[in-house]
1. Among the residues of the stretch 315-332, how many are touching a Ser or Thr at 6+ places or on another chain (Cβ under 9 Å), surrounded by 15 or more Cβ atoms within 10 Å (Cβ to Cβ) and of a type outside the set (D, E, K, R)?
2. Pull out all pairs, ordered by first then second residue, where Cβ-Cβ is under 9 Å, the residues are six or more apart or on different chains, the first lies in the stretch 292-317 and is part of a helix (DSSP H, G or I), and the second is among the β-branched types (V, I, T).
3. Kindly list, by first and then second residue, each pair from a residue in the stretch 110-122 that is among the hydroxyl-bearing types (S, T, Y) to a residue that is in a loop (DSSP other than H, G, I, E, B), limited to pairs with Cβ atoms under 9 Å and residues at least 6 apart or on different chains.
4. Can you name every residue in the stretch 182-197 that is in contact (Cβ under 8 Å) with a residue 40 or more places away in the chain and part of a loop (DSSP other than H, G, I, E, B)?
5. Return the residues of the stretch 198-234 that are charged (D, E, K, R) and either open to solvent by 40 Å² or more (accessible area, probe 1.4 Å) or in a helix (DSSP H, G or I) (or both); say none if nothing qualifies.
6. With respect to the numbered conditions (1) closer than 25 Å to A144 by Cα; (2) touching a strand residue (DSSP E or B) at 6+ places or on another chain (Cβ under 9 Å), which one is the sole condition not fulfilled by G267?
7. Check L81 against each of (1) in a helix (DSSP H, G or I); (2) more than 30 Å from H259 (Cβ to Cβ); (3) open to solvent by 30 Å² or more (accessible area, probe 1.4 Å); (4) touching a helix residue (DSSP H, G or I) at 6+ places or on another chain (Cβ under 9 Å) and name the one condition it does not meet.
8. Just to check your reading of the model, which residue among E286, E307 is acidic (D, E) and either closer than 17 Å to R201 by Cβ or at pLDDT below 95 (or both)?
Amino acid sequence: MPPARTRVAYVIGELGKGGAEYQLVELLRHLDRRTWEPHLTVLSEGGYWVDEVRRLDVPVVELPRRGGYDLTRVGRLRRTLYELAPGVLHTVLWSANCYGRLAALGLRIPRVVTAERNVIARPRWEIAIERLLDPLTDVYLVNAAAVARELERHGLPARKMRVVHNGVDLSRFPPFSLERAAARAAAGFAPERRLVAQVGRLAPQKDYPTYLRAAATVAARHRDVDFLVIGDGPERGDLGRLAGELGIAARVRWLGLRHDVPALLAGVDVLVLASRYEGLPNVVIEAMASGAAVVATDVGGCRELVEPGTHGVLVEPGRPETIAEAVSALLADEGRRTAMARAARRRIEEQFSIDAMVRNTCALYTAETAP
């Protein structure tokens, strides 16, 4: 008889189109099903990735909220975990980390892995809850050393921290090329006009106003450059008005939420990440894999991805003039830009593959890695 598989219960708050959700789906896609039997519980209903997960033949239980904080979900999740009797509980992000560990209390699940993926200032009450739940946690899975340091600053034990960097499946990307014009044309853009882009939810974290202010300076210096905004969110209206006030409305392309970001990035010359805070941003990994030069704020784990001057440029957050200078310098120096793009691609191939992410995550599910 083949050896029994270990059942893994994954819990996440929602399955929207975010970085943590994407990484979870890629983990589920590449798990060795001869060893692991995944089950997913979502503390909401619907979401971009739900159907995709089901197509991967992973059972999905949805526990939608019934108003407010709805602590009844703890009981419903507890019943789900009791029936599954998993060998591993793997929770992802704040709400699931809280509900999941509370629901598992007393169930004697052999291994509890709690995943946090952002360097973010938290209110004292959240930090207090994290400390209270720490005894129920075997391992904290973080996607950057910067996240581990932040959790340690909150009083959580360093001995439980394990860094597993995000990974990308390069087989799902277009063939790597430093020639951008053909990809621009394929995406419906004028091939002779260069592109600068920012990708992500149109929300305060990503600081699109700083991106647009930098774009206005770059636009005045480089007449052949247009600017992409790839994503959607609550700030869309305000950002459109700001682009008009800055005089660059005709140069900005609002692409909304897209599911072909790697193909778009294959035609982008410079990717900007103006975020105020991050964990290990997937879009920077995708840009590095796609041949776009990177200008990113030096927040979270960006420095773990980008060695300044070799794989891209890091700048202070909230400084549009600094971003504009970095972008302009790269646009003016094709040799430097392409050298960075080649080095960045090699770094992704060697250190941020999907195989490494899955292998290192699964290693945390075994007793040998117990702190």
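1. Initially, the stretch 315-332 is screened for residues touching a Ser or Thr at 6+ places or on another chain (Cβ under 9 Å), giving 315-321, 323-325, 327-328.
Imposing the further condition that a residue be surrounded by 15 or more Cβ atoms within 10 Å (Cβ to Cβ) reduces the set to 315, 317, 319-320, 323-325, 327-328.
Filter once more, keeping what is of a type outside the set (D, E, K, R): 315, 317, 320, 323-324, 327-328.
Looking only at that region, the number is 7.
2. C302/V284; C302/V294; E304/V163; L305/V284; L305/I285; L305/V294; L305/I348
3. As it stands, the answer is T114/T137; T114/D138, since those pairs meet every condition given.
4. Passing the criteria: A187, F189.
5. R201, K206, R213, R221, R223, D224, D232
6. (1)
7. The number of the failed condition is (3).
8. On the way: E307 fails: either closer than 17 Å to R201 by Cβ or at pLDDT below 95 (or both).
From the options E286, E307, the qualifying one is E286.
The values are calculated or read from the model by the stated rules, or taken from the named source; none is laboratory data. A quick note: this is a predicted structure, and the numbers were derived from the prediction, not measured. Cβ: placed from backbone, ideal geometry, glycine included. Neighbour counts: every protein chain shown. For the accessible areas, the whole protein counts, side chains as well, though only heavy atoms, and no ligand, DNA or RNA atoms are used. Shrake-Rupley method; radii C 1.70, N 1.55, O 1.52, S 1.80 Å.
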